Amino acid sequence: MANRPLRSLELPIAVRNIALGGDVSMNIKTLLMRSGVPHKVIRKAAIACYEAEMNVVMHADRGTLRVDIFPDRLEFVVADRGPGIGDIELAMTEGYSTASEEAKALGFGAGMGLPNVLRNSNSMELKSVVGVGTTLRFTIAIDREKKEEV
Ligand SMILES: Nc1ncnc2c1ncn2[C@@H]1O[C@H](COP(=O)(O)OP(=O)(O)O)[C@@H](O)[C@H]1O
Ligand SMILES: [Mg+2]
């Protein structure tokens, strides 16, 4: 596995309005498209990034989303400052959510975000310190049916 990424991008996640969230994952998606990443991989990345970004918007105070593009994989790091997660296993449970009533009224807070990141990635690691913040890392493998330029 190559140790140096072909391309990297780190963007701040603006925690303002839930309804306006999603800019960062949109920008990451554009970069992946321009980098010739296969569509199947972009689809998974877009879902996982959106869920991770919205978790920062909904549950944290501020954060960043970073992607490193390697020939054989995408590596993501989403780091935030915020309340942290006391019980990781509970947070990973399908349907578990502490989202606000406001978020739920907008259709968020189904408790499927973290399970969806897991489902759309090849490896995932969630680390958190209560009262400090949370770091979510995930990797998505790039299977190339034929050789493409990145
Ligand atoms: N970055 C985060 N900071 C603090 N808590 C989080 C974070 N991400 C997830 N959580 C906690 O894990 C729960 C489950 O997350 P998720 O599966 O994405 O569902 P949802 O966001 O719909 O609530 C959240 O409701 C929240 O309690
Ligand atoms: Mg979520």
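Below, the figures for the structure above:
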quantity	calculated
Condition check for residue 74: part of a strand (DSSP E or B), near ligand 1 (Cβ under 8 Å from one of its atoms) and farther than 19 Å from residue 19 by Cα	no
Subset of the range 72-90 (residues that are within 12 Å of ligand 2 (Cβ to nearest atom) and under 15 Å from the mean Cα position of the chain (by Cα))	78
Yes/no for residue 60 being under 9 Å from the mean Cα position of the chain (by Cα), modelled with pLDDT of 95 or more and open to solvent by less than 20 Å² (accessible area, probe 1.4 Å)	no
Meets criteria (out of contact with any Gly (no Cβ under 8 Å at 6 or more places or on another chain) and within 17 Å of residue 134 (Cβ to Cβ)) for residue 53	no
The range 100-109, residues that are within 17 Å of the chain's Cα centre (by Cα) and over 13 Å from residue 50 (Cβ atoms)	109
For residue 102: the one exception among (1) within 11 Å of ligand 1 (Cβ to nearest atom); (2) surrounded by fewer than 15 Cβ atoms within 10 Å (Cβ to Cβ)	(1)
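The values are calculated or read from the model by the stated rules, or taken from the named source; none is laboratory data. In this text, all values refer to a predicted model and were calculated from it rather than measured experimentally. Every residue, glycine as well, gets a Cβ built from its backbone with ideal geometry; the counts of neighbours run over all protein chains shown. Accessible surface is based on the protein model in full, side chains and every heavy atom, while ligands, DNA and RNA are left aside. Shrake-Rupley method; radii C 1.70, N 1.55, O 1.52, S 1.80 Å.
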